[in-house]
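Trainee: Pasting a structure below so you can have a look.
The values are calculated or read from the model by the stated rules, or taken from the named source; none is laboratory data. Bear in mind the structure is a predicted one, so any value in this text is a computation, not a measurement. Quick reminder, even Gly has a Cβ in these numbers, built from the backbone with ideal geometry, and neighbours come from all protein chains shown.
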Amino acid sequence: MAGTNAHFYRTAEGTGLPHDPFNAIVGPRPIGWISSHSQEGVRNLAPYSFFNGFNYHPPIIGFSSIGWKDTVANIEATGNFVWNLATRDLAERMNRTAATLPADQDEFETSGLTPVPATIVSSAMVLESPVNFECKLAQLIQLTTAAGGALDTWLVLGEVVAVHIEPDHLVDGVYDTAGPRPILRSGGPANYFEIGPEALFAMPRPS
């Protein structure tokens, strides 16, 4: 338990540790594996480790990009994107899409993944991914510090307008979270976790 013996630091003054623990503490985190395209039609596919869901009805998901990257520029220009579930089977190919490439290169091609048309939005989906969310841009927000200083970090919020789920992961109509063996991002330059059924426990909410 934290107390008088806790390691304490003021974030502006450094951690006093060999590595900043923030990413390891706030984790593991779902991966925002985002496909988009430029106005010229060049496809883009990239993973973001700051990702989550923020609303039920309508469903809204969001990811944060540190720096104005191709994904953010594409979404601002086209108003849409697709989130694709990253799984253990797709981990190596997902990791290839994290490489920094020129804006005119297609990460679907460099990673060996298959783009397929979405139903509503114009961005492509990853065929090999068992779950895809088609999203329309809801808000694009530049983050600021507590003092109001602008950061080179951009929060993208998208309304999920269509969902695709591989039928094998619906058990009696209920989505099996662990079935696809999703992967999640942790701390350090290379740490991930895999979710399997052995991690499940139930805890009903108090009335």
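Trainee: I need the strands (runs of 3 or more DSSP E) fully contained in segment 109-207, keeping only those with at least 1 residues that are charged (D, E, K, R) and within 16 Å of the chain's Cα centre (by Cα). Give the steps one after another, and end with the answer.
Mentor: Working: elements: 115-117, 124-126, 131-144, 150-165, 183-185, 192-194.
Passing ranges, in order: 131-144, 150-165, 183-185, 192-194.
Each row is one residue, and each column tells you yes or no for (1) over 28 Å from Gly67 (Cα atoms); (2) touching a residue at least 40 places away in the same chain (Cβ under 8 Å); (3) not hydrophobic (A, V, I, L, M, F, W, C).
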{"position": "Met125", "(1), (2), (3)": "no, yes, no"}
{"position": "Leu137", "(1), (2), (3)": "no, yes, no"}
{"position": "Leu143", "(1), (2), (3)": "no, yes, no"}
{"position": "Leu155", "(1), (2), (3)": "no, yes, no"}
{"position": "Gly158", "(1), (2), (3)": "no, yes, yes"}
{"position": "Pro180", "(1), (2), (3)": "yes, yes, yes"}
{"position": "Arg205", "(1), (2), (3)": "yes, no, yes"}
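Trainee: Check segment 185-192 and report whether any residue there is under 29 Å from Gly79 (Cα atoms), crowded, with 17+ Cβ neighbours inside 10 Å and at pLDDT 95 or above. Talk me through it step by step, then tell me what you get.
Mentor: First, the residues of segment 185-192 that are under 29 Å from Gly79 (Cα atoms): 185.
Filter once more, so that each one left must be crowded, with 17+ Cβ neighbours inside 10 Å: 185.
Subset that is at pLDDT 95 or above: 185.
Yes, segment 185-192 contains at least one residue that is under 29 Å from Gly79 (Cα atoms), crowded, with 17+ Cβ neighbours inside 10 Å and at pLDDT 95 or above.
Trainee: Of the residues that make up segment 97-105, is at least one among the charged types (D, E, K, R), at pLDDT below 95 and not in a strand (DSSP E or B)?
Mentor: First, pick out the residues of segment 97-105 that are among the charged types (D, E, K, R): 104.
Right, trim to at pLDDT below 95 and you get 104.
Then drop every residue that is not not in a strand (DSSP E or B), which leaves 104.
For segment 97-105, residues among the charged types (D, E, K, R), at pLDDT below 95 and not in a strand (DSSP E or B): present.
Trainee: OK, next. Taking the condition of being of a type in the set (S, T, N, Q) and under 16 Å from Gly53 (Cα atoms), how many residues in segment 112-168 meet it? Break it down stepwise before answering.
Mentor: The first filter runs over segment 112-168 and keeps only residues of a type in the set (S, T, N, Q), leaving 114, 119, 122-123, 129, 132, 139, 142, 144-145, 153.
With under 16 Å from Gly53 (Cα atoms) added as a condition, the list becomes 132, 139.
Of the residues in segment 112-168, 2 are of a type in the set (S, T, N, Q) and under 16 Å from Gly53 (Cα atoms).
Trainee: Kindly state which strands (runs of 3 or more DSSP E) lie completely within segment 1-65 and contain at least 3 residues that are touching a helix residue (DSSP H, G or I) at 6+ places or on another chain (Cβ under 7 Å) and under 30 Å from Leu157 (Cβ atoms). Reasoning before the result, please.
Mentor: Numbers: elements: 32-37, 43-48, 51-55.
The strands (runs of 3 or more DSSP E) meeting that bar are 32-37, 43-48.
Trainee: Another question, then. What residue, among those in segment 97-120 that are charged (D, E, K, R) and surrounded by fewer than 14 Cβ atoms within 10 Å (Cβ to Cβ), is nearest to His169 (Cα to Cα)?
Mentor: Once the filter is applied, the top-ranked residue is Glu109.
Trainee: Oh, and also: Can you name the residue in segment 66-96 that is out of contact with any Ser or Thr (no Cβ under 6 Å at 6 or more places or on another chain) and assigned to a strand (DSSP E or B) and is also nearest to Ala178 (Cα to Cα) among such residues?
Mentor: Going through the qualifying residues, I end up with Thr87.
Trainee: Restricting the search to segment 43-62, which residues are of a type in the set (Phe, Trp, Tyr) and within 20 Å of Asp106 (Cβ to Cβ)?
Mentor: Of the residues in segment 43-62, the ones of a type in the set (Phe, Trp, Tyr) are 48, 50-51, 54, 56.
Of everything in segment 43-62, just one residue is of a type in the set (Phe, Trp, Tyr) and within 20 Å of Asp106 (Cβ to Cβ), namely Tyr48.
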